[in-house]
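Since the structure comes first, as structure tokens, the remarks are kept for the end.
The values are calculated or read from the model by the stated rules, or taken from the named source; none is laboratory data. As the structure is a prediction and not an experimental result, all values here were calculated from the model. Every residue, glycine among them, receives a Cβ derived from its backbone with ideal geometry; neighbour counts consider all protein chains shown.
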Amino acid sequence: MPKAWGRFMSKSVEPTLLPRAPYPLGYAEATTSTQTVAAPLLAGASLALLGVLIVEGEKHFKWPEVTLLLVLTASIALIATIQIGANARQYLYNEETIRAWYGESAKATRDWEERSEHFGEWTIRVRRAVIAFNTGTMLLTLAVTSALLPRDNGDVVRWISVGLALAGAVVEAWWIYRLSQETYEPPDPKPTPKSLDGGTD
């Protein structure tokens with residue numbers, strides 16, 4: 001048990017679980033895979049589409065300039081996802097990491113006490129990365145919507161495809177709004193222990 005927890009615990013006192021863990025517990029792995037696998041792949045696809053637009057845009061797309069702008073901004077957002085996610089990851093670590101570097105030294109105790117603050121920083125930054133990723137996918141979906149616009153307004157099947165792509169972009173926009181409204185309240189670094197028997201220490 002970490003020594004830093006000792007001052008929060010005594011006989012007949014309920015243990016306090018600090019620092020907080022990701023919720024759900026797989027959230028850290030999920031966001032990491034998004035930022036290291038999905039975002040790079042989508043950014044690469046966006047850049048490839050950018051090349052196609054520059055060369056063939058006038059021939060095959062109704063609004064090539066609009067599509068080009070959407071693809072470019074999507075690429076920027078997806079690349080930002082990778083950078084923000086890498087920056088956030090430095091603030092997420094566990095007890096084993098602290099012990100591996102510092103053992104049982106005083107430095108290890110201080111780092112363990114600071115982990116809740118670092119976890120809060122990770123939570124804030126990784127959410128920014130998630131929002132950047134969803135923004136990138138929304139912009140990419142809008143770019144696909146723009147690219148699907150038919151030159152002949154009578155192409156019903158093409159308009160159905162446009163509607164489906166646009167619906168996907170709307171869902172992404174709603175998800176981004178929901179994420180932006182979430183707030184993170186850091187845990188109290190010095191919580192008041194609660195007695196198990198209702199009495200005093």
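Quick notes on this structure:
- Check on L18, in a helix (DSSP H, G or I) and either touching a helix residue (DSSP H, G or I) at 6+ places or on another chain (Cβ under 8 Å) or at pLDDT 85 or above (or both): no
- Subset of segment 31-50 [over 16 Å from I79 (Cβ atoms) and surrounded by fewer than 19 Cβ atoms within 10 Å (Cβ to Cβ)]: T32, S33
Let's see how each residue does on (1) at pLDDT 90 or above; (2) under 27 Å from A167 (Cα atoms):
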site	(1), (2)
L49	no, yes
K62	no, yes
A80	yes, yes
K107	no, no
R125	yes, no
G136	yes, yes
L142	yes, yes
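- When the residues of segment 140-153 are filtered to those that are surrounded by 23 or more Cβ atoms within 10 Å (Cβ to Cβ) and closer than 18 Å to P40 by Cα, the one that is nearest to the chain's Cα centre (by Cα) is L140.
- For segment 125-174, taking the residues that are of a type in the set (A, V, I, L, M, F, W, C) and touching a Phe, Trp or Tyr at 6+ places or on another chain (Cβ under 7 Å), the one that is nearest to Q90 (Cα to Cα) is identified as A147.
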